[in-house]
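The values are calculated or read from the model by the stated rules, or taken from the named source; none is laboratory data. Because the structure is a prediction, the values reported are computed rather than measured. Glycine gets a Cβ as well: all are built from the backbone with ideal geometry, and neighbour counts include every protein chain shown. The protein model used for the area step is the full one, side chains on, heavy atoms only, and it has no ligands, DNA or RNA in it. Shrake-Rupley method; radii C 1.70, N 1.55, O 1.52, S 1.80 Å.
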Amino acid sequence: MSRRVVIRAPVAGDEAEFLAACQRSRKLHSPWVSTVKTPAEFRAWLGRMVAPANYPLLICRADTGEIVGVVNVSNIVRGLFHSAYLGYYVFAGHEGQGLMREGLQAVMRHAFKTLKLHRLEANIQPGNKASLRLVMACGFAREGYSPRYLKIGGRWRDHERWAILADAKASTKVRVPK
């Protein structure tokens, strides 16, 4: 288990730090993800990311509590499926240090052990090499390709579909260029 990061649910008091982190990370996130920009958008995100269908989780430095990134476990379907989608991003200044890998691994443990999910799926734009390396490092396997899957930045964008099961031992290795 990681000693460098902890995961926790966001609270209203995180608004200023979260918005500042999103602001300083705009260039890093473009064109892969659109983050919240205003206090109203932050409150709307908190309002829609609620259990039992959604669990937003902040990845924070264990030593300082500073927010490193976010992972949204969303659109949870129970019944015969027990599956969810993951959306995530790191904040500028924390990338390339392995903190998101440790955080995503903590989220996976939470999703599989606490939330009792069977499957997690991440849909990633093919050009987002850092995100592809992250899911591969965490054991996800590439399952397919979805043309014009999500509308991001005003455009329908293609995505690769990556998933991991609760009982996964290893992923199918796919080489991603540096």
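Checking the stated criteria, Y89 turns out to be open to solvent by less than 40 Å² (accessible area, probe 1.4 Å), of a type in the set (S, T, Y), under 19 Å from G139 (Cα atoms) and not in a helix (DSSP H, G or I). Within the range 137-151, restricting attention to residues that are among the small types (G, A, S) and over 23 Å from K113 (Cα atoms), the residue that is surrounded by the most Cβ atoms within 10 Å (Cβ to Cβ) is S146.
Scanning for something surrounded by 16 or more Cβ atoms within 10 Å (Cβ to Cβ), aliphatic (A, V, I, L, M), within 23 Å of L46 (Cα to Cα) and in contact with a Gly (Cβ under 9 Å, 6 or more places away or on another chain), does the range 115-122 turn up at least one residue? Yes, because at least one residue in the range 115-122 is surrounded by 16 or more Cβ atoms within 10 Å (Cβ to Cβ), aliphatic (A, V, I, L, M), within 23 Å of L46 (Cα to Cα) and in contact with a Gly (Cβ under 9 Å, 6 or more places away or on another chain). The residues of the range 1-13 that are within 18 Å of the chain's Cα centre (by Cα) and modelled with pLDDT of 95 or more, listed by number, are R4, V5, V6, I7, R8, A9, P10, V11. Of all residues in the range 152-167, those being of a type in the set (D, E), in contact with a helix residue (DSSP H, G or I) (Cβ under 9 Å, 6 or more places away or on another chain) and either surrounded by 14 or more Cβ atoms within 10 Å (Cβ to Cβ) or at pLDDT 95 or above (or both) number 1.
All conditions but one from (1) modelled with pLDDT of 95 or more; (2) open to solvent by less than 50 Å² (accessible area, probe 1.4 Å) apply to T35; the one that does not is (1). Within the range 66-84, the set of residues being over 25 Å from Q23 (Cα atoms), surrounded by fewer than 21 Cβ atoms within 10 Å (Cβ to Cβ) and under 17 Å from the mean Cα position of the chain (by Cα) comprises N75, I76, S83.
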